[in-house]
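Data block below; observations after.
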């Protein structure tokens, strides 16, 4: 049902081109103005931090890290606005057509995805604290942490929702119209999603071959949920839970999310993290299969 929703509205190629250009202008041009102005004026006022520093670490610029997080979220919010305008007025289709294959968006699925993944990450963090507690440094600051809770829960979902709706929604349905199957859109959107994270600081720190499998694997995992569950609801909840949890509880010098989290990790083993990530995704898939009684995985190879 979800891929059939792609046929709604008007779907000529030029409409996709116009929408993508609109998203790029709003997110990467207009949406980047505030952070560029901050970098410019703070750099002139206090000097540019060392080139080895993480450019996303706003504290190194003397900026409240929660304000910095808002600056980073703003381009995604603008991109989400551009995507909404494109879908509603360029494609002339209801926005929910890229969100779900059902009559209405299943809010219960979003919440279930959020809480299940949040719980899994909590269990993972507890295990890490028990096994390698020497790597964790408590950096609790009551005022900053309270601000972070508000920013994370109110605004981070704008960033994660934009990525999910763009890649697992808009692009996946668009590729579905071209190829008339599900497996090729799943692979293509996962590759594009992963490669667009090439400039994240984690890639520079740990290398392409240790980080890209996780980004591409993240896309495959969430895309597979879309195919099997018939909508974006689970990925919307999971992606929000993932980024909110990381921002609240753990950060690292090379993390893309530099926040006043509860803990700061002194070192990371990317091989262990990659293995843990794939185990968590497999566990979630089996859990979701049992919870939602998915009848078949043959949807991946069916044409429409």
Open item on the list: Test of understanding: extend the Cα→C-beta vector of residue 150 to 7 Å, then name every residue of the stretch 20-40 with backbone N under 15 Å from that spot.
Closed with: none
Open item on the list: Taking 22 Å as R0, compute the FRET efficiency from the Cβ-Cβ separation of residue 137 and residue 269 and round it to 0.05.
Closed with: 0.85
- [ ] Starting with the fewest neighbours, write out 21, 63, 244 ranked by other beta-carbon atoms found within 10 Å of each beta-carbon.
- [x] 21, 63, 244
TODO: Compute the acute angle (0 to 90°) between the alpha-carbon long axis of helix 233-249 and the principal axis of greatest extent of the alpha-carbon atoms of the chain; round to the nearest 10°.
DONE: 0 degrees
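Kindly rank 219-227, 250-258 from highest to lowest mean number of other beta carbons found within 10 Å of each residue.
Top to bottom by mean Cβ count within 10 Å: 219-227, 250-258.
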Task: Extension gain, residue 198 back to residue 17 (0.36 nm per residue minus Cα-Cα distance, nm) - done: 62.9 nm
Task: Tilt relative to the chain, helix 183-195 - C-alpha long axis, 0 to 90 degrees, to 10 - done: 20 degrees
Open item on the list: Just want to confirm a number: the relative contact order over the stretch 213-279, from Cα pairs under 8 angstrom separated by 6+ residues, in percent.
Closed with: 23 percent
- [ ] Compute the separation of the alpha-carbon centres of the stretch 54-88 and the stretch 175-199 and state it in Å as a whole number.
- [x] 24 Å
TODO: Multiply the residue separation of residue 96 and residue 41 by 0.36 nm, subtract the distance between their alpha-carbon atoms, and state the gained length in nm to one decimal.
DONE: 15.7 nm
- [ ] Quick one: go through the stretch 140-174 and flag any residue whose amide nitrogen is under 17 Å from the point 7 Å out along the Cα-to-Cβ line of residue 191.
- [x] 167-168, 171-174
Task: Three-way shape call for the stretch 91-168 based on the alpha-carbon gyration tensor, with the a/c threshold at 1.5 - done: prolate
- [ ] Can you bin the stretch 175-228 into rounded, prolate or oblate? Criterion: square roots of the alpha carbon gyration tensor eigenvalues sorted a ≥ b ≥ c, rounded for a/c under 1.5, prolate for a/b above b/c, oblate for the rest.
- [x] prolate
Open item on the list: Could you work out the relative contact order of the stretch 34-179? I mean the mean sequence separation of Cα pairs under 8 Å and 6+ apart, divided by the number of residues, in percent.
Closed with: 32 percent
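State whether the stretch 3-300 is rounded, prolate or oblate according to the following rule on the C-alpha gyration tensor (a ≥ b ≥ c being the square roots of its eigenvalues): a/c under 1.5 gives rounded; otherwise a/b larger than b/c gives prolate, and the remaining case gives oblate.
Oblate is the answer for the stretch 3-300, as a/c is 1.5 or above yet b/c matches or exceeds a/b.
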TODO: Calculate I(q)/I(0) for the stretch 135-286 by the Debye formula, one identical point scatterer on each C-alpha and no solvent, and give its log10 at q = 0.15, 0.19, 0.20 Å⁻¹ to two decimals.
DONE: -0.84, -1.26, -1.34
Open item on the list: With n ≥ 4 as the cut-off for DSSP H runs, can you work out [θ] at 222 nm for the chain, using -39500 (n - 2.57) per run divided by the number of residues, rounded to the nearest 500?
Closed with: -20000 deg cm²/dmol
Open item on the list: Relative contact order for the stretch 3-300: what percent, with Cα pairs under 8 Å and sequence separation of 6 or more?
Closed with: 24 percent
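Here, each number is a calculation from the coordinates, and none is a lab measurement. These numbers were taken from a predicted model, which means no experiment stands behind them. All Cβ positions, glycine included, derive from the backbone under ideal geometry; neighbour counts span all protein chains shown.
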